[in-house]
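Visitor: Before I ask anything, here is the structure I am working with.
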Amino acid sequence: MVANPSVLFPEQAATQASEPSHSSRLLAVDRVSLEYRTRERVVRATHDVSFDVYGGDRFVLLGPSGCGKSTLLKAVGGFIKPASGTITLDGETVREPGADRIVVFQEFDQLPPWKTVLENIAFPLRAAKKLSRAEAKERAQHYLDKVGLAQFADAYPHTLSGGMKQRVAIARALAMQPRVLLMDEPFAALDALTRRKMQEELLRLWEEVRFTLLFVTHSIEEALIVGSRILLLSPHPGRVRAELNSHQYTQDSLGRSDFQQRVAQIHRLLFEETESAR
């Protein structure tokens, strides 16, 4: 079967001249402070945070609970307006949610239960008026195959495990071909073995599709494995502590002494140096 030429996949488009360079700056967060209001007061979630994400990056926001990393992700997604600073995508200011930024959340129940797996992936494509019904089905099937769930196309979400539901959510997000895929602690609720498997599958997908990823976690080990670059955020309110390269690490690095030394170094940067600065 020959794929419909109007249903363009990133791995097929990578050689086209119109495709942006993976070395170009895609997302810019410039001196962003974020706030939210409680009944008693206004709380500052992040303070003066800046970072750049380049095409093809696996960029990780790492920090303890309450440091504002998920709030930052929502701001990049256009769901929260910065109190100060700017967020730009391809040079355009982010003002609202858009199909160029798709979020995969931690919760398993992101899929409408009355739709099959294939329908769950195809529906956003139709709703966004991106593709015809036949084209949406073809692209949905393509990404369902990418996450290894082609045989579950006609299944309903309640019949799937938590890990399988997350794979469908990832397939649905990638099918929209966003400029940046946003993932908010997507594996945190999984057991250790399933979490490791999902990390493997995410990296395998990245090798195939080379999408741009902004990933939130509070696990140092996960950040080192999943990320090619890591931004360390201090405890509340989140400030930039450091930015590190981590492309050299894989899951095979877990038992190595240099990996454990890196984990210890990051822990010191996140916690011990923060304590001594108080």
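The values are calculated or read from the model by the stated rules, or taken from the named source; none is laboratory data. Since we're looking at a predicted model, the values are computed, not measured. As a convention, Cβ positions derive from the backbone with ideal geometry for all residues, glycine included, and neighbour counts pool all protein chains shown.
One line per residue, one yes/no per condition, for (1) out of contact with any His (no Cβ under 7 Å at 6 or more places or on another chain); (2) farther than 23 Å from Tyr143 by Cβ; (3) assigned to a helix (DSSP H, G or I):
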site	(1), (2), (3)
Pro178	yes, no, no
Met183	yes, no, no
Pro186	yes, no, no
Thr194	yes, no, yes
Glu200	yes, no, yes
Glu208	yes, no, yes
Phe211	yes, no, no
Leu214	yes, no, no
Ala223	yes, yes, yes
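Visitor: Give Glu185, Glu119 a once-over and let me know the one that is under 29 Å from Val76 (Cα atoms), in contact with a Ser or Thr (Cβ under 9 Å, 6 or more places away or on another chain) and modelled with pLDDT of 90 or more.
Guide: Glu185
Visitor: Let me confirm something: among Lys115, Lys69, which residue is touching a residue at least 40 places away in the same chain (Cβ under 8 Å), under 30 Å from Asp154 (Cβ atoms) and of a type outside the set (Asp, Glu)?
Guide: Just a single option satisfies the conditions, and that option is Lys115.
Visitor: Also: Restricting attention to the stretch 199-228, which residues are more than 28 Å from Phe271 (Cα to Cα) and not aliphatic (A, V, I, L, M)?
Guide: Hits for the stretch 199-228 are Glu200, Glu201, Arg204, Trp206, Glu207, Glu208, Arg210, Phe211, Thr212.
Visitor: Could you tell me how many of the residues in the stretch 220-246 are in contact (Cβ under 8 Å) with a residue 24 or more places away in the chain and more than 30 Å from Val42 (Cβ to Cβ)?
Guide: 10
Visitor: Sticking with this one: Does the stretch 215-228 contain at least one residue that is among the aromatic types (Phe, Trp, Tyr) and modelled with pLDDT under 95? Steps first, answer last, please.
Guide: Taking the stretch 215-228 as the starting set, the residues that turn out to be among the aromatic types (Phe, Trp, Tyr) are 215.
Right, trim to modelled with pLDDT under 95 and you get none.
No, the stretch 215-228 has no match at all.
Visitor: Hey, could you check the stretch 58-91 for residues that are more than 23 Å from Arg37 (Cβ to Cβ) and modelled with pLDDT under 95 and say which is surrounded by the fewest Cβ atoms within 10 Å (Cβ to Cβ)?
Guide: Here the residue is Gly91.
Visitor: Considering only residues of the stretch 118-142 that are in contact (Cβ under 8 Å) with a residue 12 or more places away in the chain and in a loop (DSSP other than H, G, I, E, B), which is surrounded by the fewest Cβ atoms within 10 Å (Cβ to Cβ)?
Guide: Ala128
Visitor: Determine which member of the set Arg196, Arg241 is crowded, with 19+ Cβ neighbours inside 10 Å and either of a type outside the set (Phe, Trp, Tyr) or within 14 Å of the chain's Cα centre (by Cα) (or both).
Guide: The unique qualifying residue is Arg241.
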